[in-house]
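Notes follow once the structure below has been shown.
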Amino acid sequence: MYDFNYHRPGSVDEAVGLINEDAKLLAGGQSLLPTMKLRLAQPSDVIDLGGIPGLSDISVDGSTVTIGATATHASVAASSAVAGAIPALADLASGIGDTQVRNVGTIGGSVANADPAADYPAAVLGLGATVHTNSRTIAADDFFTGIFETALAENEILTKVSFPVPEAAAYVKFANPASRYAIVGVFVAKTSDGVRVAVTGAGGSVFRASGMEAALNANFSASALDGIAVASDDLNNDLHASAEYRAHLVSVMAKRAVQAAGG
Amino acid sequence: MSSETGIGASVRRKEDKRFLTGKGRYLDDINRPGQAYGVFLRSPHAFAKIKSIDTAEAGKAPGVVAIYTGADLAADGIGGLICGWAITSKDGEPHKAPAHPAIAVDTVRHVGDQVAFVIADSLAEAKDAAELIEVDYEELTPVVSGADALASGAPQVHDDVPGNLCYDWELGDQAAVDAAFAAAAHVTKMDIYNNRLVPNAMEPRAAIGDFDSGTDEIVLYTTSQNPHVARLVLSAFVGIAPEHKLRVIAPDVGGGFGSKIFIYAEETVCAWAARKIDRPVKWTAERSESFLSDAHGRDHHTTAELAMDANGKFLGLRVNTVANMGAYLSTFATSVPSYLYATLLAGQYTTPAIYANVKAVFTNTAPVDAYRGAGRPEATYVVERMVERAARDLGISPVELRKRNFIAPDAYPYETPVIMTYDSGNYPLNMDTALKLIDYDGYAARKAESESRGKKRGIGFSSFIEACGIAPSAAVGSLGAGVGLWESAQVRFNPTGGVTVFTGSHSHGQGHETTFAQLITEHLGVPIENVEISHGDTGKVPFGMGTYGSRSLAVGGSAIMRAVDKIVEKGKKVAAHLMEASVEDIEHANGVFKVAGTDKQVTMAEVAFAAYVPHNYPPDLEPGMDETAFYDPTNFTFPAGTHIAEVEIDPETGVVEVVDWAASDDFGNVINPMIVEGQIHGGVAQGIGQALLENAVYDSETGQLLTGSYMDYTMPRADDFPSLKVETTNTPCPGNPLGVKGCGEAGAIAAPAALMNAITDALGVEIDMPATREKVWRAAQTVQQAAE
């Protein structure tokens, strides 16, 4: 690890004021710290968000679940309020990484980092969530823009994510046996605005499977997906899974998610 | 004594208190006064000429003590690393042993090859300085697979090794095998790949070199399975210091699996550099370095053919193997794909004619050497996949085909056509025991139930054999070993009756401190809490050969028994004097000396006290109760058994679930059943890991290790295994005083074939290890499409 300046601001505004071109925001650190230890990242400043009061709050208000940026995966998984409103979300959180990662890793870190194989982006996009920052709100459909890329500006801090409660939802992951990241993860949600199907792990960024959404809008059952597959052209192709295998798995996981969601 | 702490008792491991409470003392826990820290700059390229190395800027960096390159080692006359087993090619030529400098001189030959050693006051300063070294490389085209390295026009890894061929070796009677094939009714043929593995010991390798300019002695602390062998090699061959001025200490060592047998560049450089800077210097591998620089295991490409008569009786076996040695020869690399491999190709069977040809080749990858089983897993994997495939080809049950060919229980000693003499065993009994454990009779119903849920179920067998208790010195010497493979032990009574056993074996997870203590408790009547086992320090224990090849109990334990015999012999003389009887009338059992036919007796503790306070003592006897013995085995031991794997496959995704596992093993007498069971569990876990998950993959164009971290290299985890059903059938080994055979490697030897046979049984098509989910899915698709 290279030397860096450590900051522990007491408010979001103070944190925003500390941001510079070479600074990094530290939430749970489950992606940042390993890259720093391997000397792959060399931030000048590390701004630890862990001391900001209220940033890890979880609340359920009628038809919305709101989770603060520094809420850990373990706290979301263990929240009876979340499990009562969107069980698929608590279930997803309970399957991220391992116990140690879940005890430290945060939703804000995961969503802002936008790892193409992370689980949370599938829930954010699949549920049509709203990402809140210190300066604005961003719709999920506008948030994820590429590999490790989001709509967040350099001086913008993700503060919370609010999820509309769906009629039914489920997340099914086909985990990489080594890293336990998603090789393919599919989040299916039946909402008042229609069915949403979000796929993580398979491509450069989380994406919606529009063909599947259309089929499920017509008939919310696994059999509606028979013969419907995402194109493999743009999917990841690596040591762990070819693009062809990933495309196949998207269909299988999507069907299983529909079944798990009661379809 | 059949007590709760003697032979046969599942005594809880004495060492676990310190391991489980964080009190273990591993290498990185040790720090020496004034210690500096070393970092290796490693090659980012698989194959490149070093045109220049500029250390000027790095040398000026804060905290830097010294920077050394290969030229500095050469200037000091420090020799290269050696390979200690000479193999003779079939044309009579010795194996090719290209130079293996501890730090590369003008060429780097694999990613991670050492380029420079940077020493600084702190680890961070050493790392910072290493980044300032400027190396001008001229990149060359690498070759990473053994088969590619043999192709004409392949890149030459070493200028002095034409065609990258280290040796072209053979074993067996080729003419007899040709005749067997000519007479065969059936021939089964397979191409088989045994995948390359990274050892992944929990504790990474590490070393501290510590030089005392007052005594001129170097103390090397290192993660070694055999500290005396390390001392011998570093002294006699590398030239670090004379043996009496070099002390090697291997403290608590966190796993080895073979990878810590070898004498590596890093500890060599630390020992040498400590004298150069007159300061202790510590190096500890980071996990990424372990992936790149620990000696890997396996990596065999094999074509095998099995000739049978019309009844499935094996007539002949022909095996051609290409063994990837990596870029350099590690310490015992040459022996693994030759004498530790082809000598086991008879398996448990009466195959009368066997011929093996092995081509060992250099590539631009990390060196390959012994890894849990070392050659024997590769042999069992070839034999057992061939037998299973032959059963399928012939339409005979794999159980029946094996039983038709098993060596009979009354046929021992049994001489195989590949120079081994099996001493004991009961192979049909192991098969029957395993069949019962797995409920073979109920298998058809379980398969039908799986199919009703759209799943594919398979069952697979592996009747493995290994040669352990390594090894009779004369035998291995005649086969090219540079060392003898005996073991030493010293049993020292303290005046107050406690015992310290000094052993040349080394425990790095095996539980020697418990098992060895049980021998003393059993035979000398000393309470187990009063027995201490000391190992791993050449300054304390007699010269010993260390731990590998499931040898510790069969060879090291036998040495302890020889020392115990000497203690008893001396104790009888003391007891006779104390009881005013003649030595011939003294009987000893369990630490009590009796005058035959009387009620007169003294205890071992009383005898020991008399030996140290010899006020009333035999006039012609030396005081003290401290005996040393060396034991050289007369034969290998031959643990064997049958493992059965049962799997269920989801054809939609290719996910393989190992749903059941039965193991019936013959380890001879068992000292501590709990520890033996633990060894089986660990070995099977590694075998399942190899068959299903683990794979070291180098990019064929760049030579980069693609699986260089746990993000990409899949280690098996607890949820990958079923609860294992383990039993032992114990035919005592006639070759050593304990009747033991060894159990440390069996699981890793048996498991891969059992699991792959189960998976291919379920799929109906052959695939290679590792059976990744995509590979299984594709195979299932292929079979389904063919059926449609």
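The values are calculated or read from the model by the stated rules, or taken from the named source; none is laboratory data. Being a predicted model, the structure only gives us computed values, none of them experimental. Here the Cβ is made from the backbone with ideal geometry for all residues, glycine too, and neighbour counts use every protein chain on show. Quick note on the areas: whole protein, heavy atoms, side chains included, nothing else; ligands and nucleic acids left out. Shrake-Rupley method; radii C 1.70, N 1.55, O 1.52, S 1.80 Å.
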Given points 7 Å out from each Cα along the Cα-Cβ axis, report the B:Gln174 to B:Ser452 separation in nanometres with one decimal.
5.7 nm
Any DSSP H helix in chain B with Cα axial reach of 15 Å or more and mean Kyte-Doolittle score of at least -1.0? Listed by number, the hits are B:265-277, B:376-394, B:427-438, B:512-524, B:558-578, B:673-688, B:746-763, B:773-787
So B:Asp719 and B:Ala444, fully extended at 0.36 nm per residue minus their Cα-Cα distance, gain in nm 96.4 nm
Expected field for A:Tyr181, accessible surface area in Å² at 1.4 Å probe radius, rounded to 10, holds 70 Å²
Shape descriptors of the protein assembly as shown over alpha-carbon atoms, Rg and Dmax in angstrom, are 31.6, 105
For segment A:5-51, averaging the sequence separation of alpha carbon pairs under 8 Å that lie six or more residues apart and dividing by its residue count, the contact order in percent is 60 percent
Take the alpha carbon atoms of segment B:467-491, find their center, do the same for segment B:518-537, and report the distance between the two centers in whole angstrom.
24 Å
For segment A:164-201, residues shielded by at least 40 square angstrom of accessible area compared with the chain on its own, probe 1.4 Å:
A:Phe174, A:Pro177, A:Ala178, A:Arg180
23 Å Cα-Cα threshold exceeded, pairs from B:Lys14/B:Lys725; A:Lys173/B:Lys455; A:Lys173/B:Lys775; B:Lys245/B:Lys282:
B:Lys14/B:Lys725
Run through the DSSP bridge list for chain B and note the antiparallel percent, rounded to the nearest 5.
80 percent
If you look at just the Cα atoms of chain B, how large are its Rg and its Dmax in Å?
27.4, 93
Starting from the residue with the highest accessible area, list B:Leu123, A:Leu125 in decreasing order, probe 1.4 Å.
B:Leu123, A:Leu125
Calculate one ³J(HN,Hα) per residue across segment B:61-69 by plugging θ = phi - 60° into the Karplus curve 6.51 cos²θ - 1.76 cosθ + 1.60, and present them in order as whole Hz with x for glycine and proline.
5, x, x, 6, 9, 6, 10, 10, 10
How much mean residue ellipticity at 222 nm does chain B get from its helices, if each DSSP H run of length 4 or more adds -39500 (n - 2.57) and you divide by all residues, to the nearest 500 deg cm²/dmol?
-8000 deg cm²/dmol
Looking only at lysines whose Cα falls under 20 Å of B:Lys90's and that sit 8 or more positions away or on another chain, we get B:Lys359
FRET efficiency, 1/(1 + (r/R0)^6) with R0 30 Å, evaluated for A:Asp238 and A:Met1 via beta carbons:
0.60
B:Lys540 versus B:Glu587, label points 7 Å from Cα toward the beta carbon: distance in nm?
3.9 nm
Estimated distance in nm for a label pair at B:Glu134 and A:Ser59, the labels positioned 7 Å out from Cα along Cα-to-Cβ:
6.0 nm
Please work out the C-alpha center-to-center distance from segment B:611-627 to segment B:726-788 and express it in whole Å.
57 Å
Taking a straight Cα-to-Cα line shorter than 19 Å from B:Lys566, and setting aside same-chain lysines fewer than 8 residues away, one finds B:Lys594
Tell me which residues come under 5 Å, amide H to amide H, from A:Val165 once H is placed; ignore anything under 5 positions away on its chain.
A:Thr64, A:Val65
List the equivalent ellipsoid semi-axes of chain A in whole Å, largest first, each obtained as the square root of 5λ for an eigenvalue λ of the Cα gyration tensor.
31, 21, 15
Reach of B:Lys313 by Cα under 19 Å, taken over lysines that are not fewer than 8 positions away in the same chain:
B:Lys189, B:Lys403
Cα pair count fraction exceeding 27 Å, expressed as % - segment B:486-631:
22 percent
Could you work out the relative contact order of chain B, using alpha carbon pairs under 8 angstrom and six or more residues apart, expressed as a whole percent?
15 percent
Compute a Gaussian network model of chain A, connecting alpha carbons closer than 10 Å, and tell me which residue from A:Pro164, A:Pro116, A:Pro177 fluctuates the most.
A:Pro177
Tell me: how much accessible area in total is hidden between A and B, 1.4 Å probe, Å², nearest 100?
2000 Å²
Taking placed amide H atoms and a strict 5 Å upper bound, the residues 5 or more places from A:Val46 or on another chain that come that close are A:Asn5, A:Tyr6, A:His7, A:Lys24
Most fluctuating residue given options A:Lys24, A:Lys37, A:Lys190, as computed from a GNM of chain A linking Cα atoms under 10 Å:
A:Lys37
Need one value: the accessible area of A:Phe220 in square angstrom, 1.4 angstrom probe, rounded to the nearest 10.
40 Å²
In the protein assembly as shown, carbon and sulfur make up what percent of the accessible area (probe 1.4 Å)?
50 percent
Given just the C-alpha atoms of segment B:1-142, how large is their convex hull per residue in cubic angstrom?
253 Å³
Could you tell me which helices of chain A pass both thresholds, a Cα extent of 24 Å or more along their own axis and a mean Kyte-Doolittle hydropathy of at least -0.5, with helices taken as whole DSSP H runs?
A:243-260
For B:Val655, what residues show an amide H to amide H distance below 5 Å, using hydrogens built from the backbone and excluding near sequence neighbours?
B:Asp650
Judged on accessible area alone, 1.4 Å probe, highest first, A:Leu249, A:Leu235 line up as A:Leu235, A:Leu249
Using the Karplus equation 6.51 cos²θ - 1.76 cosθ + 1.60 (θ = phi - 60°), what ³J(HN,Hα) coupling, rounded to whole Hz, does each residue of segment B:281-297 give in order, writing x for Gly and Pro?
9, 10, 10, 10, 5, 7, 4, 4, 5, 4, 4, 7, 10, 5, 5, 7, x
Taking 37 °C and 0.692 mPa s as the conditions, I'd like the Stokes-Einstein D for segment A:166-263 in µm²/s, using the Kirkwood hydrodynamic radius from alpha carbon pairs.
250 µm²/s
